[in-house]
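Comments concern the structure below.
The values are calculated or read from the model by the stated rules, or taken from the named source; none is laboratory data. Values in this document were obtained by computation on a predicted structure and should not be read as measured data. All Cβ positions, glycine included, derive from the backbone under ideal geometry; neighbour counts span all protein chains shown.
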Amino acid sequence: MDSVHEAAVRGTNDDAVISKASAVQAAYISDNFVKYFVKRPPRRPPIINRGTYVRTTGLDILITKFLETVKAKKQIVSFGAGSDTRYFSYKERSRPFHKYFEIDYPEITSRKVAIIRRHKQMYTLLGESARLGMGGMELYADDYCLIAGDLREFTTHVVDRLIQHGFDTSLPTIFLSECVLIYMESGDSDKIVRWVGENMSAAVFVVYEQILPDDAFGSVMLQNLKLRNIELRGIYAYPSLESQKERFLKRGWTHAEAIDINKMHDRHIDPRELERISRLELLDEVEEWRLLSAHYCIAWAYVAKNESIMEMLEQ
Ligand code: SAM
C-alpha cells in the first residue's frame, strides 16, 4: 500500500513541473530550462498560474536574500527537488553559492540526469567536472550534487551520502522543501528539521506546503488528492501558520515565520510585478484565488551558532 502512495507522491513532481511550464509559457515567470522537462505544456487556469508565480517568486525572494546577505561560502540543499531548475537558473544569472545539493527518489533523479545530459544548455553549466554516479541515478560536479535517496532515511543514510559528496555542516546553508515534507509522517519530517537545527552551524529552512485541512475548501482539497492516492500525511501535525512556526521553534531553531500565499502576494511581491502579472490574464475568480491561497503557506526559520552570521540572517 505504501508503494502506491510513494508512486503517487513521485507523480506530484509532474504536476509541479507542468504548472511551472504553464506559468513560463504565459509569461508569469522566466525559466530557460523547464522546456526540457515539459515539451508541450498544457495551459493551466489563471489562478494556478498566479499561484505558481507567487510560490516561485516568494521562494526566490527568500533564497536571494540568503545568498546576498551571507557573505561567507554557502550551500543550498533542496529536499525532494524533483524537476526544479533553480540550480541552472541561478548559475546562468551568476548568483553566488558554493554548492547546490538536490535529493529525490531514484526514479526522479534518473530522469533528471537523463534530461540534463541530453541538453547541452544544461550540461555545460555544470562545467568540466560533471560526472555520473550510481549507474546514472546521480550526477556530481564541483558546485552541484544530485543524490538519489529516500528522505525518510535522512539522518540514517542520506546525510552520510551528502557528506561523502562535500556537504559541509560548518557552512551557512539554506534548506528548501517545496511541497515535500507534507507527504511524510510528521515523525519523519521532524527528524530532518531537528537534525538540521542541531547539526548545522548556520541554517535557514524554507518550507512551502498546504495548510488548513479542516475547513470546507481544505476537505475538498484532501479528498481530491485521495482520489489520486496522495495523502498529505503531515498536514494534521502542522495545519496552521502558528503550528508551522512551532515545528521549528520546538526543535531548537532561533526564529521562525509563517505566512500564507495571500500575504506573500500582498506584502512581499514588488507592486510593479503585481501590475505586470495582472495584465497577463483576466482573473475572474478572485474569491477562489484568495481561498486557494489561504491554504498554502511559506514558512522559514533560521538558527546560527555564530553571532556574526546570526546578525546577517536577522537583517
Ligand atoms: N520541490 C519540487 C518543486 O517544487 O518543483 C518538486 C515538488 S513535488 C510536489 C514533490 C517531490 O518530493 C517529488 O519529486 C517527490 O518524489 C519528492 N519526495 C517526496 N517524498 C520524498 C521522500 N521521502 N524522499 C525523496 N523524495 C521525496
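Could you tell me which of the residues Glu68, Glu138 is surrounded by 15 or more Cβ atoms within 10 Å (Cβ to Cβ) and either more than 16 Å from the chain's Cα centre (by Cα) or away from the ligand (no atom under 16 Å from the Cβ) (or both)? Going through Glu68, Glu138 in turn, the sole match is Glu138. For segment 120-226, please list each of the helices (runs of 4 or more DSSP H) lying entirely inside it that holds at least 3 residues being touching a residue at least 24 places away in the same chain (Cβ under 8 Å) and touching a strand residue (DSSP E or B) at 6+ places or on another chain (Cβ under 8 Å). In segment 120-226, 186-199 are the helices (runs of 4 or more DSSP H) which contain 3 or more residues that are touching a residue at least 24 places away in the same chain (Cβ under 8 Å) and touching a strand residue (DSSP E or B) at 6+ places or on another chain (Cβ under 8 Å). Taking every residue in segment 80-93 that is under 27 Å from Ala8 (Cβ atoms) and within 12 Å of the ligand (Cβ to nearest atom) and pairing it with any residue that is in a loop (DSSP other than H, G, I, E, B) and not charged (D, E, K, R), at least 6 positions away or on another chain, the pairs with Cβ-Cβ distances below 6 Å are Gly80/Val180; Ser83/Phe37; Thr85/Phe33. Beta carbons closer than 7 Å, at least 6 apart along the sequence or on distinct chains, never pair a first residue in segment 266-278 that is over 18 Å from Ala23 (Cα atoms) with a second that is hydrophobic (A, V, I, L, M, F, W, C) and modelled with pLDDT under 95. The condition (being modelled with pLDDT of 95 or more, within 30 Å of Asp168 (Cβ to Cβ) and in contact with an Asp or Glu (Cβ under 8 Å, 6 or more places away or on another chain)) is satisfied by just one residue among Gly234, Gly187, Gly252: Gly234. Quickly run through segment 23-36 and pick out the residues that are crowded, with 21+ Cβ neighbours inside 10 Å and farther than 14 Å from Ser89 by Cα. If the condition is that a residue be crowded, with 21+ Cβ neighbours inside 10 Å and farther than 14 Å from Ser89 by Cα, then Ala23, Tyr28 are the ones that fit. Quick test of your reading of the structure: Arg279 fulfils all but one of (1) within 23 Å of Asp14 (Cα to Cα); (2) more than 18 Å from the chain's Cα centre (by Cα). Name the failing condition by number. The single condition Arg279 does not satisfy is (1). Just one residue in the set Lys35, Lys65, Lys120, Lys20 is among the charged types (D, E, K, R) and closer than 25 Å to Asp284 by Cα; that residue is Lys20. Scanning segment 288-315 for residues that are surrounded by fewer than 19 Cβ atoms within 10 Å (Cβ to Cβ), under 26 Å from Pro239 (Cα atoms) and small (Gly, Ala, Ser) yields one hit, Ala294. You will find that of Glu257, Glu273, the residue that is away from the ligand (no atom under 16 Å from the Cβ), of a type outside the set (A, V, I, L, M, F, W, C) and either under 16 Å from Ala301 (Cα atoms) or assigned to a loop (DSSP other than H, G, I, E, B) (or both) is Glu257 and no other. Just checking, does segment 278-287 include any residue being outside any loop (DSSP other than H, G, I, E, B), surrounded by 13 or more Cβ atoms within 10 Å (Cβ to Cβ) and not β-branched (Val, Ile, Thr)? Checking segment 278-287: not a single residue is outside any loop (DSSP other than H, G, I, E, B), surrounded by 13 or more Cβ atoms within 10 Å (Cβ to Cβ) and not β-branched (Val, Ile, Thr). You will find that of Arg111, Arg117, the residue that is surrounded by fewer than 20 Cβ atoms within 10 Å (Cβ to Cβ) and more than 12 Å from the ligand (Cβ to nearest atom) is Arg117 and no other. Would you pick out the residues in segment 12-37 that are out of contact with any Leu (no Cβ under 9 Å at 6 or more places or on another chain), aliphatic (A, V, I, L, M) and either part of a loop (DSSP other than H, G, I, E, B) or within 9 Å of the ligand (Cβ to nearest atom) (or both)? Passing the criteria: Ala16, Val17, Ile29. Residues that are at pLDDT below 95 and outside any strand (DSSP E or B) within segment 289-306 comprise Lys305, Asn306, listed in sequence order.
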